[in-house]
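The values are calculated or read from the model by the stated rules, or taken from the named source; none is laboratory data. Here the structure is a predicted model, which means the values were calculated and not measured. FYI the Cβ positions are ideal-geometry reconstructions off the backbone, even for glycines, and counts take in every protein chain you see.
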Amino acid sequence: MADEPKTPPPADTPPAAEAKPAAPKPAAAAAAAANDAKLKGRTTSPAARSAGKKAPEADMSPLMGRRGWMGLAWGAFTAASAGCLAATGRFMFPNVLNEPPQQFTIGFPEDYGNGVDERFKDTRGVWIVRTENDYTHEASGFYALFSICTHLGCTPNWLSAENKFKCPCHGSGFRPTGIHFEGPAPRPLERTRIVRAEDGQILIDKSRKFQEELGQWTDQESFLEI
């Protein structure tokens with residue numbers, strides 16, 4: 001039996017629709033999601049690894065840079081120069097101490113009565129004492145006592161009512177002669193040089209001291225006989 005001729009499809013018949021991929025099964029989709037979660041944040045290729053690298057941080061070396069060393073050097077040089085200039089200025093303009101002179105006159109003998117005179121205690125640091133009979137020289141005249149306690153250097157007070165010098169710091173007591181009799185002071189008050197000036201006034205010279213315990217009160221210049 002002869003084959004019958006095939007009839008061509010009509011021209012306006014649409015082509016057969018392309019086959020669509022089958023939808024993934026639910027189990028396969030869950031496995032793919034789990035795999036994606038594991039790979040998240042990981043580098044899976046050289047490009048990805050390069051992209052994930054952080055930019056190199058700035059050099060935090062503890063060593064000081066060149067500019068820091070230069071600044072330190074200039075600072076040290078400036079400080080040294082300032083110190084040298086200050087020392088030079090101090091040398092060129094030394095301090096002048098306006099201390100009272102060690103030698104000074106205090107007037108004529110007739111300006112004083114018997115007993116302790118305190119007029120030069122604060123300004124000159126001495127008491128002027130006129131006596132009818134000196135402790136050492138057994139004569140009438142003058143002697144000058146330093147107003148400095150021989151214990152720790154405080155300034156005693158003259159207590160005329162008690163006829164004694166009394167140190168306010170530690171209680172040392174001295175008689176008008178300067179002899180110590182109470183308190184922690186280890187020795188008598190010191191005398192200073194006292195003589196007549198050319199014009200007849202009494203001259204005090206504090207550059208010389210006389211100590212009783214060394215037998216120096218017998219020196220002729222420790223007492224001015226009148």
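Can you confirm whether region 203-213 contains a residue that is of a type in the set (A, V, I, L, M), closer than 26 Å to G107 by Cα and in contact (Cβ under 8 Å) with a residue 60 or more places away in the chain? Checking region 203-213: at least one residue is of a type in the set (A, V, I, L, M), closer than 26 Å to G107 by Cα and in contact (Cβ under 8 Å) with a residue 60 or more places away in the chain. Checking each residue of region 189-206 against the condition of being in contact with a Pro (Cβ under 6 Å, 6 or more places away or on another chain) and either outside any loop (DSSP other than H, G, I, E, B) or at pLDDT below 95 (or both) gives no match. Total residues in region 132-160 satisfying the condition of being outside any loop (DSSP other than H, G, I, E, B), on the phi < 0 side of the Ramachandran plot and in contact (Cβ under 8 Å) with a residue 40 or more places away in the chain: the figure is 6. Taking region 134-177 as the range and being within 43 Å of the chain's Cα centre (by Cα) and under 16 Å from L224 (Cα atoms) as the test, the residues that pass are A144, L145, F146.
Every condition in (1) of a type in the set (D, E, K, R); (2) assigned to a helix (DSSP H, G or I); (3) at pLDDT 70 or above is met by R119 except one, and the failing one is (2). Being touching a helix residue (DSSP H, G or I) at 6+ places or on another chain (Cβ under 9 Å) and either surrounded by 14 or more Cβ atoms within 10 Å (Cβ to Cβ) or part of a loop (DSSP other than H, G, I, E, B) (or both), is that true of even one residue in region 161-175? No - not one qualifying residue is present in region 161-175.
For G183, the conditions (1) touching a strand residue (DSSP E or B) at 6+ places or on another chain (Cβ under 9 Å); (2) free of Cβ contacts under 8 Å to residues at least 24 places away in the same chain all hold with the exception of (2).
Give the residues of region 214-226 that are part of a helix (DSSP H, G or I), in contact (Cβ under 8 Å) with a residue 60 or more places away in the chain and surrounded by 15 or more Cβ atoms within 10 Å (Cβ to Cβ), sorted by residue number. Step through it out loud before you land on a result.
First, pick out the residues of region 214-226 that are part of a helix (DSSP H, G or I): 214, 216-218, 220-222.
Subsequent filtering for residues that are in contact (Cβ under 8 Å) with a residue 60 or more places away in the chain retains 217-218, 222.
Selection gives W217, S222.
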